[in-house]
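Data first, discussion second: the structure below is written as structure tokens.
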Amino acid sequence: MKAVILAGGFGTRLRPLTVNLPKPMVPFANRPMMLHIIRLLKKHGFDDLVVILYHQPDAIRSYFGDGSNFGVKIEYVTSQEDLGTAGAVGLARASLQETFLVIAADIVTDIDLTKAVQYHSEHKAAATITLSRVENPLEYGIVITDSEGHIVRFLEKPSWGEVFSDTVNTGIYV
């Protein structure tokens, strides 16, 4: 199955660490954060990857290459401007003919991606956003869903006065 890895962010909240290092290459447990994502994807059957690059793309390309050293196939798409999540995924449109997963390269998670895809298929959804509850939702998109799991309200990175939920977007989409 195919997955899109979003690896183009500036990592501004991690500066000065990310001045010369793209955020997906920041070490976590002595390995680039993106390597943990690739391992998670492979574990759940995603071995055909499209990596969307923007900020400092060469560091990521040179480390991961074609993906063969990690048991996956990697295709790279480089953006010339910051297009946001939907715009970045749109750059990979030609490679995405069937159901696919989108995940950020700079998250640390052990989410069951297989269950997320199963949920998506069982509900015959056009799109599925995985959600989580957090104590401090200020750094995330906050969400309210109805009893059937449909999103009824969404606000990206609210201030404390705008917080209406502790349920947030994880940055993982099917």
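The values are calculated or read from the model by the stated rules, or taken from the named source; none is laboratory data. Given the structure is predicted, the values throughout are model-derived calculations rather than measurements. Here the Cβ positions follow ideal geometry from the backbone for every residue, glycine too, while neighbour counts run over all protein chains shown. Side chains are part of the model used for accessible areas, which takes the heavy atoms of the whole protein and leaves out ligands, DNA and RNA. Shrake-Rupley method; radii C 1.70, N 1.55, O 1.52, S 1.80 Å.
Side notes on the structure shown:
- Test: TYR119 is surrounded by 11 or more Cβ atoms within 10 Å (Cβ to Cβ) and more than 20 Å from ALA7 (Cα to Cα): yes
- Test: residue in region 144-154 that is of a type outside the set (D, E, K, R), closer than 19 Å to LEU6 by Cβ, open to solvent by 40 Å² or more (accessible area, probe 1.4 Å) and not in a loop (DSSP other than H, G, I, E, B): yes
- Test: residue in region 163-170 that is open to solvent by 90 Å² or more (accessible area, probe 1.4 Å) and either at negative phi or within 21 Å of the chain's Cα centre (by Cα) (or both): no
- Exclusive hit being not in a strand (DSSP E or B) and not aromatic (Phe, Trp, Tyr), set GLY171, GLY161: GLY161
- Residue count, region 75-96 (criterion: out of contact with any Lys or Arg (no Cβ under 8 Å at 6 or more places or on another chain) and closer than 16 Å to PRO22 by Cα): 6
- Those residues of region 7-32 which are of a type in the set (D, E, K, R), over 13 Å from the mean Cα position of the chain (by Cα) and either modelled with pLDDT of 75 or more or assigned to a helix (DSSP H, G or I) (or both), in sequence order: ARG13, ARG31
- Yes/no for ALA59 being among the small types (Gly, Ala, Ser), open to solvent by 20 Å² or more (accessible area, probe 1.4 Å) and more than 29 Å from ASP166 (Cβ to Cβ): yes
- Among the candidates THR109, THR128, THR170, residue that is over 19 Å from MET33 (Cβ atoms), out of contact with any Lys or Arg (no Cβ under 6 Å at 6 or more places or on another chain), of a type in the set (Val, Ile, Thr) and at pLDDT 85 or above: THR128
- Considering THR130, THR85, THR109, THR114, the condition of being surrounded by fewer than 16 Cβ atoms within 10 Å (Cβ to Cβ) and β-branched (Val, Ile, Thr) is satisfied by THR114 alone.
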